[in-house]
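Q: Below you'll find the structure I mean.
The values are calculated or read from the model by the stated rules, or taken from the named source; none is laboratory data. What you see is a predicted model, and the numbers here were worked out from it, not measured in a lab. Reconstructed Cβ throughout: ideal geometry from the backbone, glycine too, with neighbour counts over all protein chains shown.
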Amino acid sequence: MKLILLGPPGAGKGTQAKMLTDRFSIPQISTGDILRAAVKAGTEMGLQAKACMDAGALVPDAVVVGIVRDRLQEKDCQAGFILDGFPRTVPQAEALTATLAELGKNLDAVLSLEVDVEALVERLTGRRTCRDCGRGYHVKFDPPQQAGICDACAGELMQRDDDQEATIRKRLEVYREQTLPLAGYYQELGLLTRVDGMQEIGSVQQQLLAALQAA
Ligand code: ADP
Ligand code: ADP
Ligand code: ZN
């Protein structure tokens, strides 16, 4: 199963990718997670990326395209993968098409999570993430059993630096300008399925599984 989860910041890509990863035993490739790990490790790439991320802007195409090209060649991607947060621009999508052709891999589906802007802002301002295991929560829609503490590993929950309202609005604008055109790109390739991301987490999951069966 080789798929892309498309959708604006806060649409639920990470949440749904984690569930699909468990179900199909294929890795989630989140460029956001990989970039945040590079920031934490203090690598040169991380330092460069941090400035873009804090500003709510995209990291240069060449950087993320290189990350994904390397990642797709790792052994655990042989049976499939879920791309989450990549591609985000048409040049990234074109580079991905070329890389997959080189590696002899074909995408099975591109699933687009559709969510209203105001719901996105509410989701992102209430998003919390475990510092230790990376599991995501929402203070209202997916709360942990004990406030501020991860159910899975008892790690501390934190809020991402870029999940502040001003940065969120900027990211949503960048999404509209640079990422939205990708739906057309994948529609032309006959790969796009739109899913109603406004439903609760479990029913979005059901819709995704149904779309994958139809793909
Ligand atoms: P993305 O990876 O697309 O940016 P996330 O998966 O991190 O989005 O979800 C953003 C926030 O919204 C998280 O706090 C998550 O718990 C919450 N969330 C995800 N899916 C839903 C949903 N269907 N309904 C309500 N909240 C959701
Ligand atoms: P979200 O789904 O909430 O927008 P991500 O974790 O996917 O968050 O991305 C966080 C930030 O990392 C983005 O705002 C951007 O700066 C950078 N980033 C992640 N993926 C890409 C990408 N494919 N291209 C460019 N920048 C990216
Ligand atoms: Zn945890």
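Q: From 39, 64, which residue is touching a Phe, Trp or Tyr at 6+ places or on another chain (Cβ under 8 Å) and either assigned to a helix (DSSP H, G or I) or charged (D, E, K, R) (or both)?
A: The conditions single out 64.
Q: Moving to a separate point now. Looking at segment 121-142 only, could you name the residues that are loosely packed, with under 14 Cβ neighbours inside 10 Å and either of a type in the set (Val, Ile, Thr) or within 14 Å of ligand 1 (Cβ to nearest atom) (or both)?
A: 140
Q: For residues that are surrounded by fewer than 18 Cβ atoms within 10 Å (Cβ to Cβ) and outside any helix (DSSP H, G or I), tally how many sit in segment 192-208.
A: Looking only at that region, the number is 5.
Q: What about residue 108, is it in contact (Cβ under 8 Å) with a residue 60 or more places away in the chain and either surrounded by 15 or more Cβ atoms within 10 Å (Cβ to Cβ) or within 14 Å of ligand 2 (Cβ to nearest atom) (or both)?
A: Considered against the rule, which asks whether it is in contact (Cβ under 8 Å) with a residue 60 or more places away in the chain and either surrounded by 15 or more Cβ atoms within 10 Å (Cβ to Cβ) or within 14 Å of ligand 2 (Cβ to nearest atom) (or both), residue 108 comes out as no.
Q: Out of 156, 118, 114, which single residue is within 15 Å of ligand 2 (Cβ to nearest atom) and either surrounded by fewer than 14 Cβ atoms within 10 Å (Cβ to Cβ) or modelled with pLDDT of 95 or more (or both)?
A: Step by step, each of 156, 118, 114 is checked, and only 114 is within 15 Å of ligand 2 (Cβ to nearest atom) and either surrounded by fewer than 14 Cβ atoms within 10 Å (Cβ to Cβ) or modelled with pLDDT of 95 or more (or both).
Q: Considering only residues that are of a type in the set (Val, Ile, Thr) and touching a helix residue (DSSP H, G or I) at 6+ places or on another chain (Cβ under 8 Å), which ones fall in segment 118-153?
A: 121, 125
Q: Now, a different point. Exactly one condition in (1) part of a helix (DSSP H, G or I); (2) under 15 Å from residue 10 (Cβ atoms) is not met by residue 160; state its number.
A: (1)
Q: Tell me which of these residue 1 doesn't satisfy, since it passes every other one: (1) within 16 Å of ligand 1 (Cβ to nearest atom); (2) among the hydrophobic types (A, V, I, L, M, F, W, C); (3) over 19 Å from residue 136 (Cα atoms).
A: Only one criterion in (1) within 16 Å of ligand 1 (Cβ to nearest atom); (2) among the hydrophobic types (A, V, I, L, M, F, W, C); (3) over 19 Å from residue 136 (Cα atoms) is unmet by residue 1, namely (1).
Q: Please work out if residue 47 is touching a helix residue (DSSP H, G or I) at 6+ places or on another chain (Cβ under 8 Å), hydrophobic (A, V, I, L, M, F, W, C), farther than 17 Å from residue 105 by Cβ and at pLDDT below 95.
A: So residue 47 fits the description; yes.
Q: For residue 183, indicate whether it is without any contact (Cβ under 8 Å) to a residue 24 or more places away in the chain and aliphatic (A, V, I, L, M).
A: For residue 183, the condition - without any contact (Cβ under 8 Å) to a residue 24 or more places away in the chain and aliphatic (A, V, I, L, M) - is not met.
Q: Can you name every residue in segment 1-29 that is hydroxyl-bearing (Ser, Thr, Tyr) and either under 19 Å from residue 170 (Cβ atoms) or more than 16 Å from ligand 3 (Cβ to nearest atom) (or both)?
A: Matches in segment 1-29: 25 only.
Q: Further question on the same structure: Kindly establish whether residue 126 is within 16 Å of ligand 3 (Cβ to nearest atom), more than 24 Å from residue 66 (Cα to Cα) and either modelled with pLDDT of 95 or more or of a type in the set (Gly, Ala, Ser) (or both).
A: Against the criterion (within 16 Å of ligand 3 (Cβ to nearest atom), more than 24 Å from residue 66 (Cα to Cα) and either modelled with pLDDT of 95 or more or of a type in the set (Gly, Ala, Ser) (or both)), residue 126 does not qualify.
Q: So, one more: Looking at the structure I just gave you, is residue 148 touching a strand residue (DSSP E or B) at 6+ places or on another chain (Cβ under 8 Å) and farther than 26 Å from residue 24 by Cα?
A: yes
Q: Exactly one condition in (1) assigned to a helix (DSSP H, G or I); (2) buried (at least 16 other Cβ atoms within 10 Å of the Cβ) is not met by residue 86; state its number.
A: (1)
Q: Within segment 139-146, is there a residue that is touching a residue at least 60 places away in the same chain (Cβ under 8 Å), under 23 Å from residue 89 (Cα atoms) and away from ligand 3 (no atom under 15 Å from the Cβ)? Quick ask: steps written out before the conclusion?
A: Applying the first criterion (touching a residue at least 60 places away in the same chain (Cβ under 8 Å)) to segment 139-146 yields 141-142.
Within this subset, residues satisfying the condition of being under 23 Å from residue 89 (Cα atoms) are none.
No, segment 139-146 contains no residue that is touching a residue at least 60 places away in the same chain (Cβ under 8 Å), under 23 Å from residue 89 (Cα atoms) and away from ligand 3 (no atom under 15 Å from the Cβ).
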